[in-house]
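Heads up, the thing below is written out as structure tokens.
The values are calculated or read from the model by the stated rules, or taken from the named source; none is laboratory data. These numbers come from a predicted model, not from an experiment. All Cβ positions, even for glycine, are placed from backbone atoms using ideal geometry, and neighbour counts span all protein chains on display.
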Amino acid sequence: MEKKDSPKSPLTYRDAGVDIDAGDALVSTIKPFAKKTMRAGASPDLGGFGGLFDLKAAGFEDPIMVAATDGVGTKLELAQQANMHHGLGIDLVAMCANDILAQGAMPLFFLDYFATGHLAPKVAAEVIEGIADGCIEAGCALIGGETAEMPGIYPAGSYDLAGFCVGAAERGSLLHKDKVSEGDKVIALASSGVHANGFSLVRKLIERDGLALMAPAPFAPSISLAEALLAPTRIYTDAVKAALEAGNITSVSHITGGGLIENPPRVYSDKLAMRLDMTTRPAPALFKWLKQEAGLSDFELARTFNCGIGLLITTPAQEAEKILAAIDATGEPCWLIGDVHAREDEAIHLDNFTQAFS
């Protein structure tokens, strides 16, 4: 007897794990966040096929555009464990916008990419609100983005982030290696903590030692370990803008992955070296704790983490005090930490490092 095919149930996109209605509702929720980031040249209306930005309306005459893209690394995992999402949005903007600043350009607009296995609107809105707050701090407009719901690609409850920032500077004003000279002074700007690099090591340490994220931080008992580790990355737009307007800036180095070992040499020639005195300001307790708890060597600590320094700025010696005063007026903690000299061996010297982090 011939067997008849049983009727098949009709499928919807929701049956496949994608909720278009939830995505549409999220767009409506986040539109006010984008409108808060409005700046000259931008139209923050969401929902079109592309974001628009008018360089002329932003005040540029002959601009060179600068683009940067980044994520927040495995800080994502820690934030998801602690159910603390807003700060990641700020981190995402900071990692991109600070790279724009390192070119001597100003951030203008930002786009985000939020990918998840199953859209949790409250979590997504919290992240994107953080992105908007970061954009306001960076002085750039949130002009678009993408929310991708991809069941089967990401586990339930997890998500991933990527950010894209575009900035500009007038032609001829961008920073480059040839601007840095022997005798330049180095100014350090404080980090807010770990920022968004080194979290694979941080997470391994937490797992190995069975540390409780919501327990008081061993180095700062007034807050939880999660709050201390997840402090949002500083955004340095106001400080760099003030420094550029005050005098001659020869370089800006954003201290990200590779720490104090790999990032500073990216901004000067191979004929020069930088010497930093790590005792010019007390080292943050967080990094002392990381060094001791993980048993890190000086080199491993300096190559993995920012060690309390989020940005380094070089300037001719005669202008250093003026630049320091301009940055200080923005409220950004800063101090004179070293100088640039002719290279004899290593590209970077971290003087008194052991003493600073003991």
I'm trying to understand the selection: among the residues of the stretch 60-69, which are crowded, with 18+ Cβ neighbours inside 10 Å and either assigned to a helix (DSSP H, G or I) or of a type in the set (D, E) (or both)? none
Could you identify the single residue in S192, S200 that is assigned to a helix (DSSP H, G or I), of a type in the set (G, A, S) and closer than 17 Å to D91 by Cα? S200
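Residues are listed down the side, and each one gets a yes or a no for (1) among the charged types (D, E, K, R); (2) farther than 30 Å from D178 by Cβ:
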| residue | (1), (2) |
| --- | --- |
| I261 | no, no |
| R266 | yes, no |
| Q292 | no, yes |
| G295 | no, yes |
| N306 | no, no |
Starting from residues that are of a type in the set (G, A, S) and under 19 Å from V194 (Cβ atoms), keep the ones in the stretch 266-289 and report whichever is surrounded by the fewest Cβ atoms within 10 Å (Cβ to Cβ). A285
Which of the residues spanning the stretch 297-340 are buried (at least 16 other Cβ atoms within 10 Å of the Cβ) and of a type in the set (K, R)? R303
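For every residue, the table says whether it meets (1) more than 18 Å from I255 (Cβ to Cβ); (2) at pLDDT below 95; (3) surrounded by fewer than 23 Cβ atoms within 10 Å (Cβ to Cβ).
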site	(1), (2), (3)
H86	yes, no, yes
I90	no, no, no
C96	no, no, no
A125	yes, yes, yes
I143	yes, yes, no
P151	yes, yes, yes
Extreme residue, farthest from I131 (Cα to Cα), among residues of the stretch 195-229 that are of a type outside the set (G, A, S) and in contact with a strand residue (DSSP E or B) (Cβ under 9 Å, 6 or more places away or on another chain): P216
Name the one entry in T233, T250, T256, T237 that is over 21 Å from L175 (Cα atoms) and either among the hydrophobic types (A, V, I, L, M, F, W, C) or in contact (Cβ under 8 Å) with a residue 60 or more places away in the chain (or both). T233
